Amino acid sequence: MTGIAVQSRTADALVPSAATGVHVIRDGSTRVHWVSSPRSFSMTGGRLDPVSKIFSAVNKSALTQFSFLSIRGPEPVLDMEGVEYVKGWARGEKQEIFDVVTFVLVLPPKSSALICRLTAPQVLEEMFYALPWEPLRPVQDTTGGPGLCFPLQIEALCTQSVGGPMTHFFCESFHAVDFRCPVSTPLLAVGDGTVFEVADSNVVSGIWAENLGKWNSISIDLECGPFRFDYVHIKAGSARVRPGDKVARGQIICESGDVGFSPEPHVHLEMHRIDDLDGPSEPFLFTTSADVAYVPVACRVYGPQGEVGVSDFSTAATACASLCQT
């Protein structure tokens, strides 16, 4: 195999339009006010001052920690300079649509930050959803892995590549890649293997943080190594295979969707070692019929024959860097 592409490791590993309403808060972010000493907090991931309606995030640990926080409702959510945060959307279990702002919080040890100010006349508990803090473990940033079949029959934009700041920054998903594709796009087996698991009954979508635990997926145990390959966000009821089925490289196995934590329709691709499914994700390559290997990079378009061009994102790097400074 030849021609392995250089992977992106910075803010430009994410297409801004693929993360509408998601705001990354980390050391150096300028839209928040950093506090010199951590504050006490009463709810998971943060504390809301009932008078000022300012929400603060706290990391009391000696380690860098991360969490996801969502705030729902039609009223504006403001940064600490009074500028409104851009909102996204979410779809609930009953297919209801609602407005959401979601923060990806990556806080240094022993730190606290004033994140936002709410404008809702009444603040209710059901307006919030926050994940428990988790330590940000070191990532083994490597290139390589098995050469796999491109999983789409069409050309598609890579919207978040390796190390992307929205959902690929932690080690369990660091080597994942995302492709923008319409709902119902056929997805192909990346290699010969056996279907391990099928989950395609969820219907939620959008950027509500609770959706991070309500995705649809198909998992295949590959014959080319001790790896399990996952297709995430697939369309409900679209699976054409069942656990135990043998699949061949290039075979249609399901359809893409927008289910789970999904700002837009796309497919999330991720691989793990079978003997360490809860451990770090594993790097992988796609190969063309000419045996050219590559790792997809955000803002570039790929198809069955490899890279076909760079999408018209002349301001993408600037916009992505701005996203990570929010």
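The values are calculated or read from the model by the stated rules, or taken from the named source; none is laboratory data. The structure presented is a predicted model; accordingly, all values stated were derived computationally and were not measured. Here the Cβ is made from the backbone with ideal geometry for all residues, glycine too, and neighbour counts use every protein chain on show. Each accessible area value is taken on the protein alone, full model and side chains, heavy atoms only, with ligands, DNA and RNA left out. Shrake-Rupley method; radii C 1.70, N 1.55, O 1.52, S 1.80 Å.
Quick notes on this one:
- If the condition is being aliphatic (A, V, I, L, M), at pLDDT 95 or above and not in a strand (DSSP E or B), then segment 52-80 contributes only Met80.
- Qualifying positions in segment 134-162 - at pLDDT below 95 and in contact with a Lys or Arg (Cβ under 8 Å, 6 or more places away or on another chain): Asp141
- In segment 58-77, of all residues being hydrophobic (A, V, I, L, M, F, W, C) and surrounded by fewer than 17 Cβ atoms within 10 Å (Cβ to Cβ), the one that is nearest to Pro132 (Cα to Cα) corresponds to Leu63.
- Residue in segment 283-297 that is modelled with pLDDT of 95 or more and open to solvent by 30 Å² or more (accessible area, probe 1.4 Å) present: no
- Checking each residue in segment 195-220 for being open to solvent by 40 Å² or more (accessible area, probe 1.4 Å) and either touching a residue at least 60 places away in the same chain (Cβ under 8 Å) or out of contact with any Asp or Glu (no Cβ under 6 Å at 6 or more places or on another chain) (or both) picks out Glu197, Ser201, Asn202, Val203, Glu210, Leu212, Gly213, Lys214, Trp215.
- Note on segment 81-134: among residues that are aromatic (Phe, Trp, Tyr) and not in a strand (DSSP E or B), the one that is most open to solvent (accessible area, probe 1.4 Å) is Trp133.
- Segment 239-248, residues that are surrounded by fewer than 20 Cβ atoms within 10 Å (Cβ to Cβ) and not in a strand (DSSP E or B): Arg240, Val241, Arg242, Pro243, Gly244, Asp245, Ala248
- Only residues that are buried (at least 20 other Cβ atoms within 10 Å of the Cβ) and either basic (Lys, Arg) or over 11 Å from Tyr231 (Cα atoms) (or both) were counted in segment 180-194, giving 5.
- Entry remark, segment 16-31: residues being among the β-branched types (Val, Ile, Thr) and either part of a strand (DSSP E or B) or open to solvent by less than 10 Å² (accessible area, probe 1.4 Å) (or both) number 3 in total.
- Within segment 258-311, the set of residues being in a loop (DSSP other than H, G, I, E, B), hydrophobic (A, V, I, L, M, F, W, C), over 19 Å from Ile220 (Cβ atoms) and touching a residue at least 60 places away in the same chain (Cβ under 8 Å) comprises Phe261, Val295, Val297, Ala298, Cys299.
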